[in-house]
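The values are calculated or read from the model by the stated rules, or taken from the named source; none is laboratory data. Predicted model only: the values in this text are computed from it and were never measured. Heads up, the Cβs are rebuilt from the backbone with ideal geometry, glycines too, and the neighbour counts pull from every protein chain shown. These area figures cover heavy atoms from the full protein model, side chains too; ligands, DNA and RNA do not enter into them. Shrake-Rupley method; radii C 1.70, N 1.55, O 1.52, S 1.80 Å.
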Amino acid sequence: MAALAASEGNLSPTLPLATLIGRELRGDGTERPHVRYGHSGFAKRGEDYFLVKPDCLRVPGDPSSSFSVFAVFDGHNGVSAAVFSKEKLLEHVMSAVPQGISREDWLQALPRALVAGFVKTDIDFQRKGETSGTTATLVVVDGFTVTVASVGDSRCILDTHGGEVSLLTVDHRLEENAEERERVTASGGEVSRLNLCGGQEVGPLRCWPGGLCLSRSIGDTDVGEFIVPIPHVKQVKLPNTGGRLIIASDGIWDALSSEIAAQACRGLPAELAAKLVVKQALKTSGLKDDTTCVVVDIIPSDHCSTPPALSPKKNQNKLRSLIFGRRSHSSVGKLTKSASLGSVEEIFEEGSAMLEERLGRNFPSKANLPPFRCAICQVDQEPFEGLMTDNVGGCCSAPSTPWGGPYLCSDCRKKKDAMEGKRSNRSATCR
């Protein structure tokens, strides 16, 4: 089990004047919250992986620039894509963030960097020639700001004051996402169920070729390019009461709704909460799939355990009954919002699968980038060496609206065209 991320204890009742002045100069009137986490899981196929990095630094050597990263990867058709993404995804995301910028600009640049990092991870893995794929849900916690990027059907939920549960991801299942079905068919894919002998259709909707149930993933070299690695990204700012994140693979979410998962572990520390969510999922549906759960508590600095809004006394008896196997008669009612305690502020959300919309927005104005550095792979090129900018198309590109986003090298431009159905994936150099 993961160790707790930060030391226990309360803040000193008085703070040095220099600290207070520093906060004012930084425009930061609140202490950074504590981050506690725990994880649990059971393996059936052994294709789930997770990532926990609680002590990342935006500025090397500066503890005040700390942030935390958590992720869940649910592999399919083998573990290679999940392992590769665990090892490389964060590195690729961070390489796409301009250096030497303020925290405010860093948070603004993060959604765009997440898109670039996901696409680069997909390109690099597919160059290996392996056919496995993976979902990916990556969560960045910087103070009370939470940024979530996801492809596939691993989910992240937020539980805050008053029992308000928010979904921070979008499931990219063809069965449940009509918008994604339309995108896949418009890009040249076919969406249908598995057809048995005699014409009987069974199972969930799948994309052909390949038969994948998801419309977005990392890897899946044997599936059409219309299965894209471009993530849904959402960034929110939590109220000063903090909150709890539950990040889990579909082995959890196929058994439990978001509300039940959140209610099942309220009042418990993160590590025990993760165990309880997994236990409840197994109790509900049995071990039908790999089950992985990471729980992250974002706790105000003047508290040292679970967020105060997540530990109502009335829930503790229910939690105790779940732990010891007794049935709780509490009904799952409609969750309400307590406006007096503050609310979650949505800063950014975008789920488009079009790179021009994703890379052409939120470009940090103060970024000091070379004029010919690819926005995805971060490789510098000499002028006119494989140049692909506005009104310039490759030999494999079909006539289309001129590219209005930042500079892409020739390989990344070909990847973009293939994902949009403008070029056959068989001729892709990155496959």
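Worth pointing out:
- Centre separation in Å (Cα based) which lies between the range 142-206 and the range 32-87: 21
- A full extension of the chain between Met354 and Ser301 corresponds to an added length of 15.1 nm, given 0.36 nm per residue minus the alpha carbon distance.
- Taking 0.36 nm per residue of sequence separation and removing the Cα-Cα distance, the Leu282/Ala178 pair yields an extension gain of 34.5 nm.
- Protein accessible area in the range 193-276, 1.4 Å probe - carbon and sulfur %: 54
- Our coupling estimate for the range 100-115, obtained by passing each phi through the Karplus curve with A = 6.51, B = -1.76, C = 1.60 and θ = phi - 60°, is x, 9, 6, 4, 4, 5, 5, 5, 5, 7, 4, x, 5, 5, 5, 4 Hz, Gly and Pro reported as x.
- Each residue, Glu259 and Asp62, gets one label point 7 Å from its Cα in the Cβ direction; the gap between the two is 4.4 nm.
- Within the accessible surface of the range 110-154, defined with a 1.4 Å probe on protein heavy atoms only, the carbon and sulfur portion equals 40 percent.
- For the range 137-256, a/c is not less than 1.5, where a ≥ b ≥ c are the root eigenvalues of the C-alpha gyration tensor, and a/b tops b/c. That puts it in the prolate class.
- Of Lys275/Lys416; Lys237/Lys415; Lys234/Lys275; Lys128/Lys279; Lys86/Lys414, those spanning more than 29 Å from alpha-carbon to alpha-carbon: Lys275/Lys416; Lys237/Lys415; Lys128/Lys279
- Proximal charge balance of Glu190 [Cβ under 12 Å; K/R count +1, D/E count -1]: +3
- Surface exposure of the range 115-197, expressed per residue as accessible area with a 1.4 Å probe, stands at 30 Å².
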